[in-house]
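Everything below concerns the one structure shown next.
The values are calculated or read from the model by the stated rules, or taken from the named source; none is laboratory data. Nothing here was measured: the structure is a model prediction, and the numbers come from that model. In this analysis, Cβ positions are derived from the backbone assuming ideal geometry, glycine residues included, and neighbour counts consider all displayed protein chains.
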């Protein structure tokens, strides 16, 4: 069984911040200017006026400053423990057993460059803050591989000393890493690898990581212990501090990572559950008023970003009628 990685309603929860706001962009700009050094008197007066102009400005500024500090933390979180395995893990094989359903992925809501503080003698290298909205964004492509954020997720990443560092601040990310040392942290969980594919999650239920391909070293940030994870193995750190581990079948691996391919994979899900998930990823929503239809069970693989085709499929399966209205797509 897929265990905690295949809960129904597993999509990231609703978030009212659909996309980056100009206020956030302005706040990041001020934080970067402050990082470069003391402001000139006229600039300091402009910042003070901007902060006082709207209460939202101060909140955005505090959030941006916290994220900048997180970028510093990404660069500094490595200690002596949890070194990268000396033996390079086995190379990754091609992912997925099913043909990917065509989907129209949306762009990242934000990819903001943050200034990361360098140590003595080090060149300052920018950190990037990525935040996705309610859409499924395109992958972030780096020299050694790709990151793909789920909806309403936030990630800070930078390169320091030839290694990529990432910090998942919230949400879920799939990493397909092919070459070079990299580390990703989510709360109390850190993973090191040179070649692996994995899914990492950070939310109110704790932090977890699932190895899809390859191998990686898992580190307990608080306790300092390490553990090697291999293909299909997972580990989860609960909010109570308790660790859980397990493994998945090959079929379950495809099922739990379907979102990262833009797929909605259903196993005896109710129509209501399926519609609830697909509505999270799309501005066009599907509505069903018939309680009997909402309780019907459905299996199959569909595009996560094509609600109209999904709604038409439901109509064919259950002999419903599709009506387009100002509210979206209605099944009658």
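Per-structure values
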quantity	calculated
Test set (1) surrounded by fewer than 21 Cβ atoms within 10 Å (Cβ to Cβ); (2) free of Cβ contacts under 8 Å to residues at least 40 places away in the same chain; (3) within 28 Å of residue 306 (Cβ to Cβ) - residue 145 fails condition number	(1)
Residue 320 vs. criteria buried (at least 19 other Cβ atoms within 10 Å of the Cβ), more than 27 Å from residue 152 (Cα to Cα) and not assigned by TED's automatic domain parsing to the domain that holds residue 133	yes
Candidate set from the range 224-267 (those that are at positive phi and out of contact with any strand residue (DSSP E or B) (no Cβ under 8 Å at 6 or more places or on another chain)); member that is modelled with the highest pLDDT	241
Filter pass, residue 170 being surrounded by fewer than 21 Cβ atoms within 10 Å (Cβ to Cβ), without any contact (Cβ under 8 Å) to a residue 40 or more places away in the chain and assigned to a strand (DSSP E or B)	yes
Residues of the range 216-255 satisfying the condition of being crowded, with 17+ Cβ neighbours inside 10 Å, assigned to a strand (DSSP E or B) and either touching a residue at least 24 places away in the same chain (Cβ under 8 Å) or touching a helix residue (DSSP H, G or I) at 6+ places or on another chain (Cβ under 8 Å) (or both)	216, 217, 218, 219, 220, 229, 234, 235, 236, 237
Conditions (1) more than 25 Å from residue 140 (Cα to Cα); (2) in a helix (DSSP H, G or I); (3) outside the structural domain of residue 206 (by TED's automatic domain parsing); number of the one not met by residue 279	(1)
